[in-house]
Structures are given as C-alpha cells and as structure tokens.
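All remarks here apply to the structure that follows.
Derivation of every value follows stated rules applied to the coordinates shown; laboratory data play no part. Everything numeric here is computed off the predicted structure, so don't read it as measured data. Glycine also receives a Cβ, built like all others from the backbone with ideal geometry; neighbour counts cover every protein chain displayed.
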Amino acid sequence: MSVCVGLAAQQQALLQALYRPRHADAMEIIAACAHVEGAEGQKYLERGLQAYRSNGHALAQRALAAAYPVVGELLGEENLVALSRHFWQRCPPARGDMAQWGDGFAAFLDSLVDLLREEPYLPDVARVEWALHVAATQADGRADIGSLALLESGDPAALTLQLCPGAALLTSDFPVVSLVLAHLSGTPSLRQAAERLHDRVKETALVWRQGLKPALRQAQPGEALFVGVLQQGRSLAAALSAAPGFNFTAWLAQAVHTGLLLGVRPVISPERDTP
C-alpha cells in the first residue's frame, strides 16, 4: 500500500476515516498515512482514531437533536443515536458550522421505507422542523409598513408582497403541524394530534420568522397557492388569480401583525404575470 505524505494528505485521510462505517476500514486509511512503530504505536493510533470517531458521532447526534427535537422524541433517543451515526457517514458535513448540517435528514428518512413503515409521517415532520431551523437562523427582515399604502392606489399586476426571510410552505398527507405543535407547545394536545394522525388529516404547514423566533401554523384555505405564487416573485394579481376565494383582506391584517408580511414593492418582471 502506498504511503501518503504531507499534512494535507493526512488531514484528508482523517476526514475519510471519520465517515467510514467500519472501524477496520477507517484504520486502514489512517495506517496508510501514519508512521507508527510496534504494537504500542498501533494501539495509540487506534485509540486516537476511535476518540475522533466517537466525538464525531456524538456531535452528529447533538446537532440532529437540536434541529429535530420532535423527530427525536418520536424516534426515541436510542434510535436517534443510531440513525444520526448512519446519516453522519452517508451525508458528512460540508461546512464547518454544524448548525448548517442536517438539511438532508428528511430525504435520508425517506430512504428508510422498511424501517419507518409504522411512522411514514416522520420525513414530513423532519421537513417542517428543518424549515423552522432555517427560519430561526435567517437575517432579520426590514419591515416597511408605509409601503402598504401602495395597495390602495397601485395596480396589483405591478406590485408584489415581500414576505419575511425564511418563510416556507410544506404540504403533507399527514397532520404535521399538529404533530410538531403538540410536542413543542402542547397545543393541540398529543391526544388530539394522535387522533388527527389516525384519521389521516392532511395539513399544510406555514413557517416564518416572527420577531426573533420561528413560527408555525396551518395554512388557511387558498393560502398555499397564494403564498406559493408570491414566492416565485410574481405579482399580487397573479397570486390572487391562483387562489380564487382566498380572503386576502383578513389575511393581510394577520400577516402584518404576525410579521409574515414585511411590505409591498414593485414586481420585478411584470411580463411574467400576463394571463
């Protein structure tokens, strides 16, 4: 086996070893770059590698538990520890900030069809929790309440609404909003959430940043279509056309009060909104 030389090669070998499922394979990678002599040197190398791997797995578990507290409760600590280790190995961090790691966890859960056949809602719960995690780390948006006056005299085809950073919609075949809120706030109760799950109630989650905290609620009738068009950068007229019957007046007051809507601005590409 060829011997690696140079600090960069050694660092790369260590990273590869940290994410290998089998410890023996990880040792083989390290041995190609390390220069040790005798049994004591080999034991020292193994202990060091094991410490690095154990710390990595513990870090992965803490990061996922922080980003996905509800999924963690639904899985149980033992299962979360095992899954975090597998996810760490399959999707290693690409950045130094571990708070940004974990965005692929829902897709990872999607791949565990047999393991999660009794809990098929977990991937969607994870998607809602990641949206909350992202919203919590967004930069503050600047509200321009004065711009709302444009709604009185402006052409809806030439205006669009500016939503707060991190606003997201997630449509699910399961009562994901109820499940997440039952665990995080107690409203609805766990029993009510379980009943909705049993009845296969479908819910669309709306996530946004309210002040310094992420917020979550069920989307109102027509709101998902309305907000979805706005998130494409299209006009208010196009959004209203996509959601006939949507109570825009009632929504507007609530959206301003809760910080979902920051202001009104000219649409960038009016030609895109031509029927």
Potential lengthening between residue 117 and residue 136 on full extension [0.36 nm per residue; Cα-Cα distance subtracted]: 3.8 nm
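Provide the packing ranking of 219-231, 121-133, i.e. peptides ordered by the mean count of other C-beta atoms within 10 Å per residue, highest first.
Highest mean packing first, the order is 121-133, 219-231.
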FRET efficiency estimate (nearest 0.05) - Cβ-Cβ, residue 249 to residue 200, R0 45 angstrom: 0.85
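Multiplying the sequence separation of residue 145 and residue 213 by 0.36 nm and subtracting their Cα-Cα distance, what value in nm do you get?
Working: separation 68, 0.36 × 68 = 24.48 nm, distance 2.02 nm.
So the chain would gain 22.5 nm between residue 145 and residue 213.
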Projected label distance in nm at residue 231 and residue 99, using a 7 Å step from Cα toward the beta-carbon: 2.3 nm
From phi via Karplus (6.51, -1.76, 1.60), per-residue ³J(HN,Hα) for segment 219-229 in Hz, x at Gly/Pro: 5, 6, x, x, 5, 4, 5, 4, 5, x, 5
Virtual paramagnetic centre 7 Å along Cα→Cβ of residue 184, amide N under 19 Å, in segment 208-249: 208-220, 224
J(HN,Hα) series, segment 140-157, from Karplus relation 6.51 cos²θ - 1.76 cosθ + 1.60, nearest Hz, glycine and proline x: 5, x, 9, 6, 10, 4, x, 5, 5, 4, 5, 5, 7, 10, x, 7, x, 6
Added length on full extension, which subtracts the Cα-Cα distance from 0.36 nm per residue, residue 65 to residue 158: 29.0 nm
